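Accompanying notes for the structure given below.
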Amino acid sequence: MTAEPRARVPRRPVHGVLLLDKPVGLSAQAAVSKVKWLFAAEKAGHTGTLDPLASGLLPVCLGAATKFAQVQLEADKAYQAVLRLGVRTTTGDAEGEVIATAPVDAARLTPSRLAELARRFTGVIEQIPPMHSALKKDGKALYEYARAGIEVERAPRRVTIHALTLEPMPDDPVALRLQVRCSKGTYVRTLAEDIGAALGCGAHLTALRRTATGALTLLQAITLDALEALSPPERLRRVLPPEALLEGVPRVVLDEREAGRFLSGLRRRGPWPPAELVAVFGDRPRALLGTARCAGGELIPARLLAPTEVSQYLQQAAP
């Protein structure tokens, strides 16, 4: 007796950004797939991966919002982490095998010493990317070499640590709580290892939680369980408009006639100061049309919404 084929769930256009509080143990892509299924959405993506070991803010882009994911990929990030001193692992986190241990003098982890260490790692620093990462060398991800037991040479990369604090964990004398705001491309695992090396005892990450990406914060996020418990209309009310990804980007507003021409890909002339990125809105009705750059008094289209996407989003946002 053959099983009945499963009915395919019809997909629908959903446009916007869901701020998800990703749980530990789930990959970013698996979390996106779950959100896409819950909304029966046609298209979904994320704005920067989180390892299964990590939890926290994962902005999930739905529909037209996927066109602006790159803005958040380039944005600064904020994390909370816990690093364990005296133990180094193959991966720099708790998933790896222990490769070295060393004694830790907890009495030397004074506030002044930790503050000085934080200052040392604040600003522009160089990191050697970890072998267990998705960076590619000769068309192959570094983690593939690592799984084969091969270590390849990696060039140091410059990243910026905007703010960093270190403090002892109250219930564990050989663990530190770390809070960091950093530029894109920063490996917090590597930062933890480098801090451990500076203390002379080694370290690895035992917990990592992303609290912000750009202007988006964990305070606005929802868990998968809570999202699943909502009715479809309630879920839709949790979706932020696509322009949430463009918070802080200068705005240009066009009248109805100019908006139509811009949406067709035509450059517009106007009194706009030079800018590498602006968010462009139509005036009536007020709606995001896309992004552009301003140069020489021209508004030059970059990423555009299709007219159907604009109308679908306006319909979705209508009370």
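Assorted remarks:
- Count of region 270-280 residues, restricted to those that are out of contact with any helix residue (DSSP H, G or I) (no Cβ under 8 Å at 6 or more places or on another chain) and open to solvent by less than 10 Å² (accessible area, probe 1.4 Å), is 1.
- Within region 255-269, the residues that satisfy the criterion of being surrounded by fewer than 14 Cβ atoms within 10 Å (Cβ to Cβ) and within 13 Å of residue 283 (Cβ to Cβ) are 255, 256, 257.
- Criterion applied to 230, 205 was being farther than 24 Å from residue 94 by Cα and in contact with a helix residue (DSSP H, G or I) (Cβ under 9 Å, 6 or more places away or on another chain), and the one residue passing it is 230.
- Any hit, region 131-151, residues being surrounded by fewer than 14 Cβ atoms within 10 Å (Cβ to Cβ), more than 23 Å from residue 27 (Cβ to Cβ) and modelled with pLDDT of 90 or more: no
- Flag set for residue 222, criterion: closer than 17 Å to residue 47 by Cβ and more than 13 Å from the chain's Cα centre (by Cα).
- If you check 180, 174 for being in a strand (DSSP E or B), touching a Gly at 6+ places or on another chain (Cβ under 7 Å) and either open to solvent by 20 Å² or more (accessible area, probe 1.4 Å) or modelled with pLDDT of 95 or more (or both), only one passes: 174.
- Exclusive hit being out of contact with any Phe, Trp or Tyr (no Cβ under 7 Å at 6 or more places or on another chain) and of a type in the set (Ser, Thr, Tyr), set 291, 213: 213
- Residue in region 60-72 that is of a type in the set (Lys, Arg) and farther than 29 Å from residue 123 by Cβ present: yes
- Considering region 283-309, and only residues there that are out of contact with any Leu (no Cβ under 7 Å at 6 or more places or on another chain) and among the hydrophobic types (A, V, I, L, M, F, W, C), the residue that is farthest from residue 62 (Cα to Cα) turns out to be 295.
- Selection count where residues are without any contact (Cβ under 8 Å) to a residue 24 or more places away in the chain and under 23 Å from the mean Cα position of the chain (by Cα), scope region 282-319: 0
- Within region 201-250, the residues that satisfy the criterion of being in a loop (DSSP other than H, G, I, E, B) and surrounded by 13 or more Cβ atoms within 10 Å (Cβ to Cβ) are 201, 202, 214, 215, 221, 230, 238, 239, 241, 247, 249, 250.
- Residues that are outside any strand (DSSP E or B), open to solvent by less than 40 Å² (accessible area, probe 1.4 Å) and not aliphatic (A, V, I, L, M), drawn from region 301-319: 309
The values are calculated or read from the model by the stated rules, or taken from the named source; none is laboratory data. Predicted model only: the values in this text are computed from it and were never measured. Using ideal geometry, Cβ is built from the backbone for each residue, glycine included, and neighbour counts are taken over all protein chains shown. With ligands, DNA and RNA removed, areas are computed over all heavy atoms of the protein, side chains included. Shrake-Rupley method; radii C 1.70, N 1.55, O 1.52, S 1.80 Å.
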